[in-house]
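Notes follow once the structure below has been shown.
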Amino acid sequence: AVAYVLVPKGIQPGEKRPGILAAHGHGRGKADVCAVAETPEEQQHVDEIHYAYAVQFARRGYVVIAPDWRGFGERKSPAQWAREGRDPCNVNYMAEGYLGYHLLTLQIWDGMCTLDYLQSRPEVDPDRLGIGGLSFGGTMTIYLAALDPRIKVACISGYLSTVRHDAIGLRGNGNFCGAQYMPGLLTIGDIAEVAGLIAPRPLVAEIGAQDMCFVVDDARESFEQVSRIYAAAGAADRIEGDFHPEGHVWSGRKSFPWFERWL
């Protein structure tokens with residue numbers, strides 16, 4: 001996979017730091033979370049949603065890797081695949097399906113391979129890995145943290161919600177796509193049940209009061225369900241909610257202290 005690696009200044013020979021996987025959401029891929037902007041419009045987008053969390057983690061002393069997920073950045077699909085009026089995520093999902101693959105599964109595999117590489121870095125403590133992401137980056141955070149026990153702490157930003165109500169129900173706005181689709185999820189649970197698999201490892205969820213993508217009432221309902229799962233796992237003190245006043249943005253208000261505490 002294509003990725004940027006950010007190594008903080010001042011690391012001494014033989015010193016090992018915690019490693020972070022910074023998961024990007026929809027947009028330009030790794031360039032967004034690493035604050036790589038070639039035009040004022042790109043810089044404005046990064047600034048408006050506080051997108052440069054890979055850089056913010058690196059400035060706090062973490063070694064950070066930010067990969068491009070399939071269909072984004074340097075791994076963007078051919079433009080002719082997604083003609084006007086078509087969602088590239090849906091087209092990519094169908095294209096992989098022709099070959100017998102499921103897109104989200106491939107993304108999760110790529111994420112696990114990214115962690116393999118991050119662990120191999122000489123500056124990284126392989127036993128201290130974390131992950132965080134906004135929007136589709138939150139999707140990747142949930143599934144990777146749930147399925148890969150190497151991840152010790154996670155931040156889901158602007159994604160925790162329900163498929164039943166927010167995505168396909170009347171409460172939300174149909175906010176789902178081929179990149180986030182998990183077949184049959186509602187037959188066994190919902191997004192909260194997947195996030196609950198992260199327990200008892202520390203988890204922080206950022207939820208914006210003005211988020212127009214994942215509405216706050218639905219996000220709060222999902223967070224409460226994850227909290228119940230954590231309590232049942234004897235880990236009620238290892239989940240934190242940041243109910244911030246902004247919209248679909250990375251907050252950092254509680255997540256950065258959370259990582260410092262647990263990682």
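Observations, loosely collected:
- Number of positions in segment 195-220 that are among the aliphatic types (A, V, I, L, M), in a loop (DSSP other than H, G, I, E, B) and surrounded by fewer than 24 Cβ atoms within 10 Å (Cβ to Cβ): 5
- Given (1) part of a helix (DSSP H, G or I); (2) open to solvent by less than 10 Å² (accessible area, probe 1.4 Å), number of the condition Gly132 does not satisfy: (1)
- Taken over segment 165-191, the criterion of being at pLDDT 90 or above, outside any loop (DSSP other than H, G, I, E, B) and crowded, with 21+ Cβ neighbours inside 10 Å is satisfied by Ile191 alone.
- Scanning segment 95-116 for residues that are in a helix (DSSP H, G or I) and in contact (Cβ under 8 Å) with a residue 60 or more places away in the chain returns Leu103, Leu104, Gln107, Asp110, Gly111, Cys113, Thr114, Leu115.
- Within segment 132-163, tally of residues that are among the hydroxyl-bearing types (Ser, Thr, Tyr), within 20 Å of Leu186 (Cβ to Cβ) and under 10 Å from the mean Cα position of the chain (by Cα): 3
- Helices (runs of 4 or more DSSP H) (entirely within segment 9-68) containing at least 2 residues that are under 21 Å from Arg128 (Cα atoms): 53-59
- Residue match in segment 23-31 (condition: within 16 Å of Arg60 (Cβ to Cβ) and either at pLDDT 95 or above or touching a Cys at 6+ places or on another chain (Cβ under 8 Å) (or both)): no
Rundown of residues vs (1) crowded, with 20+ Cβ neighbours inside 10 Å; (2) more than 17 Å from Gly178 (Cβ to Cβ); (3) touching a Cys at 6+ places or on another chain (Cβ under 6 Å), yes/no style:
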position: Cys89; (1), (2), (3): yes, no, yes
position: Tyr117; (1), (2), (3): no, yes, no
position: Asp127; (1), (2), (3): no, yes, no
position: Gly137; (1), (2), (3): yes, no, no
position: Cys155; (1), (2), (3): yes, yes, no
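- The number of residues in segment 11-34 that are free of Cβ contacts under 8 Å to residues at least 24 places away in the same chain and either surrounded by fewer than 21 Cβ atoms within 10 Å (Cβ to Cβ) or within 17 Å of Arg121 (Cβ to Cβ) (or both) comes to 3.
- Of Phe256, Phe223, all but one fail to be closer than 27 Å to Val46 by Cβ, assigned to a helix (DSSP H, G or I), in contact (Cβ under 8 Å) with a residue 60 or more places away in the chain and open to solvent by less than 20 Å² (accessible area, probe 1.4 Å); the exception is Phe256.
- Among residues of segment 41-84, those that are within 30 Å of Gln119 (Cβ to Cβ), among the small types (Gly, Ala, Ser) and open to solvent by 20 Å² or more (accessible area, probe 1.4 Å), counted: 2
The values are calculated or read from the model by the stated rules, or taken from the named source; none is laboratory data. Keep in mind that this is a model prediction, so the values were computed, not measured. With ideal geometry, Cβ positions are generated from the backbone for all residues, glycine too; neighbour counts draw on all protein chains shown. Heads up: the accessible areas ignore ligands, DNA and RNA and are worked out on the full protein's heavy atoms, side chains in. Shrake-Rupley method; radii C 1.70, N 1.55, O 1.52, S 1.80 Å.
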